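Have a look at the structure below, then the notes.
Nothing in this text is a laboratory measurement; each read-out follows from the coordinates by a stated rule. Because the structure is predicted, anything quoted here is derived from the model rather than measured. Note that we place each Cβ from the backbone using ideal geometry, even for glycine, and neighbour counts take in every protein chain shown.
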Amino acid sequence: MSDERQGAGRLGLVAEFVNTRDFDEEVDHLASAADLAEWLTGHGLAAPGLVAGSADLRHAVELREALRSALLANNDGEPVGTDALAVLNRAGRRGRLVVRFDTGGEAPLEPVSSDVDGALARLLSIVHDAAATGDWPRLKVCRSDTCRWAFYDQSKNRSRHWCSMEVCGSQAKARSYRRRRAADESDQT
């Protein structure tokens, strides 16, 4: 896993949210509704004193995994699955995202809700902004099934597939080599 936020800007916050589940360490930092409320307020997505319930936690975890699916699609160049799209769209509706014009000529998407749904919708507004600037495809998840860590691809040609070439990339290449070698050996017999 790589902890790289440089260059990611606000998308780094989306990556941090997705990375609240660590497959490698088998840890979920959103194990309770209190954990969710603490994470959202601690990351400036909600005002202090936010209260979350078990339904909020289920919704947040569902959103996190839908974002992970979208980031995997960014990595593989495949379309986002319809189930993940439904979750993402539902989260936007629940947070009641609206365009808010300001005096500086900006018109960002902002949630009307100030509850958990609004805090989660703030993450979607970051995704929206990144899609508008062309940065969204750079946020990906590691292709390794045992990792799935979100990372920001800073490569010139946007070609990274693993969070870390030294760990996940090397392991994937070693597995591929062993498969090819075993196939070659079976062809010779």
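Toward the positive end of the charge dipole of the range 1-150, with +1 on the Cβ of Lys and Arg and -1 on the Cβ of Asp and Glu, the farthest Cα among Leu71, Val51, Val127 is that of Val127.
Based on the mean of other beta carbon atoms within 10 Å per residue, what is the order of 138-145, 54-61, 75-82, 117-124, most packed first? Spell out each step's value before the answer.
On the way: 138-145: 20.9, 54-61: 16.6, 75-82: 12.2, 117-124: 23.8.
Top to bottom by mean Cβ count within 10 Å: 117-124, 138-145, 54-61, 75-82.
Place a point 7 Å from Cα of Ala31 in the direction of its Cβ. Which residues in the range 49-80 have their backbone N less than 13 Å from it? Counting backbone N atoms under 13 Å from the label point, the list is empty. If the chain linking Asn89 and Val61 were pulled fully straight, counting 0.36 nm for each residue of separation and taking away their Cα-Cα distance, it would gain 8.6 nm. Under the simplified labelling scheme, the Gln154-Ala47 pair shows an inter-label distance of 3.7 nm, with each label point 7 Å from Cα along Cα→Cβ.
Once the Cβ-Cβ distance between Thr146 and Thr82 is put in as r, and R0 is 30 Å, what FRET efficiency do you end up with, to the nearest 0.05?
On the way: r = 26 Å, r/R0 = 0.86.
After rounding, the FRET efficiency stands at 0.70.
Take the alpha carbon gyration tensor of the range 48-103, find the square roots of its eigenvalues, order them as a ≥ b ≥ c, and report rounded if a/c is under 1.5; if not, report prolate when a/b exceeds b/c, else oblate. The partial results should precede the final answer.
Values: a/c = 2.30, a/b = 1.30, b/c = 1.77.
It is oblate, given that a/c is not under 1.5 and a/b is not larger than b/c.
Within the shell defined by Cβ-Cβ distances under 15 Å, the residues around Ala121 carry a net charge of +2, with Lys and Arg each +1 and Asp and Glu each -1. Computed 3J(HN,Hα) for the range 17-33, one whole-Hz value per residue from the Karplus formula 6.51 cos²θ - 1.76 cosθ + 1.60 where θ = phi - 60°, is 5, 4, 7, 5, 10, 10, 5, 4, 8, 6, 10, 10, 7, 10, 7, 9, 4, glycine and proline marked x. Other residues within the sphere of radius under 13 Å centred on the Cβ of Arg96, judged by their own Cβ, net out at +2 (K and R +1, D and E -1). Note that the range 37-52 has calculated 3J(HN,Hα) couplings of 4, 5, 5, 5, 6, x, 9, x, 8, 8, 6, x, x, 4, 10, 10 Hz, one per residue in order, obtained from phi through the Karplus relation 6.51 cos²θ - 1.76 cosθ + 1.60 (θ = phi - 60°); glycine and proline are x.
How charged is the neighbourhood of Val112? Take every other residue with its Cβ under 15 Å from the Cβ of Val112, and add Lys/Arg as +1 and Asp/Glu as -1. Present the calculation step by step, with values, prior to reporting the outcome.
Numbers: positive: Arg93, Arg94, Arg96, Arg100, Arg122; negative: Glu110, Asp115, Asp117.
Charge balance near Val112 sits at +2.
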